[in-house]
1. Helix-only estimate, please: 222 nm mean residue ellipticity of the chain, summing -39500 (n - 2.57) across DSSP H runs of length 4 or more and dividing by its residues, to the nearest 500.
2. Put +1 on the Cβ of every Lys and Arg and -1 on every Asp and Glu Cβ in region 3-89; which of Pro68, Leu6, Thr35 then has its Cα farthest towards the positive end of the dipole?
3. Quick check: the distance between the Cα centres of region 53-90 and region 1-48, to the nearest angstrom?
4. With charges only on Cβ, +1 for K and R and -1 for D and E, what is the dipole size of the chain about its Cα centre, in debye, rounded to 20?
5. Using each residue's phi in region 45-51, evaluate 6.51 cos²θ - 1.76 cosθ + 1.60 at θ = phi - 60° and report the 3J(HN,Hα) Karplus result to the nearest Hz, with x for Gly and Pro.
6. Taking amide H positions as placed 1.01 Å from N in the peptide plane, with prolines and chain starts having none, which residues 5 or more places from Gly82, or on another chain, fall under 5 Å of its amide H?
7. Considering the convex hull of the alpha carbon atoms of the chain, report its projected area averaged over all viewing directions, in nm², one decimal.
8. Helix 3-14 versus the longest principal axis of the chain: what angle, 0 to 90°, nearest 10, using Cα atoms?
Amino acid sequence: MTKAALVDAIAKDTNLTKADSERALNAFLDNVTKTLKKDGKLTLTGFGTFEVVKRKKRKGRNPQTNEPITIKARKVVKFKPGKGLRDKVK
């Protein structure tokens, strides 16, 4: 599903205009991003938990040349689905 399709689905389910639905979705995404940047963790009960974790520097291989390379350490966002979401997706 694309963002545009999600906006359409939100508009249909809530009887909001597409513009209002897009603003609501953008506000949600902005607040998730701000919270992860500030606190490093966001839990939506019944849906799941987003968490920022640090990956260590590691060795890898360039798939084109097969030469060894070093992959820099970085922060990534992980998502762990909650029980409610897991049960609904079965």
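Quick note: the coordinates plus some simple rules give every number you see, no bench work behind them. Everything quoted here is computed from the prediction, not taken from an experiment. Positions of Cβ are backbone-derived with ideal geometry, glycine not excepted, and every protein chain shown enters the neighbour counts.
1. Values: 3 runs with 40 residues, N = 90.
Roughly -14000 deg cm²/dmol at 222 nm, from the helical runs in the chain.
2. Among Pro68, Leu6, Thr35, the one farthest towards the positive end of the dipole of region 3-89 is Pro68.
3. If you average the Cα positions of each part, the centres end up 24 Å apart.
4. On the way: 24 positive and 9 negative charges, 183 e Å.
The dipole magnitude comes to about 880 debye.
5. 3, x, 10, x, 10, 9, 9
6. The list, which skips near neighbours in sequence, is Phe47, Gly48, Thr49.
7. On the way: hull surface 35.6 nm².
For the chain, averaging the hull's shadow over all directions gives 8.9 nm².
8. 30
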